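Asks: Let me begin by handing over the structure; questions about it come next.
The values are calculated or read from the model by the stated rules, or taken from the named source; none is laboratory data. Since this is a predicted model, take the numbers as computed values, not measurements. Neighbour counts run over all protein chains shown; Cβ positions are idealised from the backbone, glycine included.
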Amino acid sequence: MRDMSTATSKTSANPRSSTRQVPNYGNPAYWQGTIKMSLSKFFVLSVLHRQPMHGYEVVQAVEKSTGGCCSPSEGTVYPMLNEFEAGGYLSCDTETVQGRARKVYSLTQKGRDAFQVAVQAWQEATRCILDSRSVADASNADTCCSPATKAGQ
């Protein structure tokens, strides 16, 4: 999803790398892709926090719960589910539906705790984004995430 096709630049700061691709940070598609990739794991935990699901249901539930804003593919979700399971954040049971075995994923307590941590982290990030918007509007150099601002909280 990242648009990195428009810029390559020579870099003299790193003699081992003569050229490198630089993302087009002025392209909304770059930021939308970055945000969607970052939020996918959060929303997978979110839908599984509500109820156990099989992989394809997770894909559908994430897309539905975000109004299509975050719509990870099955190719993105299944490796994510495997990673969560390997870390002990999910448990997996197999059920048979119409003669086919399906893995049904459920959050473990560790997964529920991780989801709560993720909620707090995204709330803080959202607050910082909203504060940055007002900072940008006011051309104020002090940002929400700066040490001075954090000390005053």
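Asks: Just one of the numbered conditions (1) closer than 26 Å to ILE35 by Cβ; (2) in a loop (DSSP other than H, G, I, E, B) is not true of GLY75; which one?
Replies: All conditions are met except number (2).
Asks: Give just the number: which of (1) part of a helix (DSSP H, G or I); (2) under 14 Å from the mean Cα position of the chain (by Cα); (3) not charged (D, E, K, R) does CYS70 not satisfy?
Replies: CYS70 satisfies all of (1) part of a helix (DSSP H, G or I); (2) under 14 Å from the mean Cα position of the chain (by Cα); (3) not charged (D, E, K, R) except (1).
Asks: Answer yes or no as to whether GLU63 is out of contact with any Ser or Thr (no Cβ under 8 Å at 6 or more places or on another chain) and either modelled with pLDDT of 95 or more or not aromatic (Phe, Trp, Tyr) (or both).
Replies: The answer is no for GLU63.
Asks: Give the residues of the range 79-94 that are over 15 Å from the mean Cα position of the chain (by Cα), surrounded by fewer than 16 Cβ atoms within 10 Å (Cβ to Cβ) and part of a helix (DSSP H, G or I), sorted by residue number.
Replies: ASN82, ALA86
Asks: Please work out if TYR25 is part of a loop (DSSP other than H, G, I, E, B), at pLDDT 90 or above and not charged (D, E, K, R).
Replies: So TYR25 fits the description; yes.
Asks: Which residue, of ARG50, ARG2, ARG100, is basic (Lys, Arg), surrounded by 10 or more Cβ atoms within 10 Å (Cβ to Cβ) and modelled with pLDDT of 90 or more?
Replies: ARG50
Asks: Any residue in the range 15-41 that's within 29 Å of VAL58 (Cα to Cα): show its pairings with residues that are modelled with pLDDT of 85 or more and in a strand (DSSP E or B) at Cβ separation under 6 Å, as long as the two are six or more apart or on different chains.
Replies: none
Asks: Taking VAL58 as the residue in question, decide whether it is in a helix (DSSP H, G or I), without any contact (Cβ under 8 Å) to a residue 60 or more places away in the chain, more than 20 Å from THR34 (Cα to Cα) and of a type in the set (Val, Ile, Thr).
Replies: So VAL58 passes the test.
Asks: I've got another one for you. Counting only residues that are free of Cβ contacts under 8 Å to residues at least 60 places away in the same chain and assigned to a helix (DSSP H, G or I), which one in the range 95-118 is farthest from HIS54 (Cα to Cα)?
Replies: Ranking the qualifying residues of the range 95-118, first place goes to VAL117.
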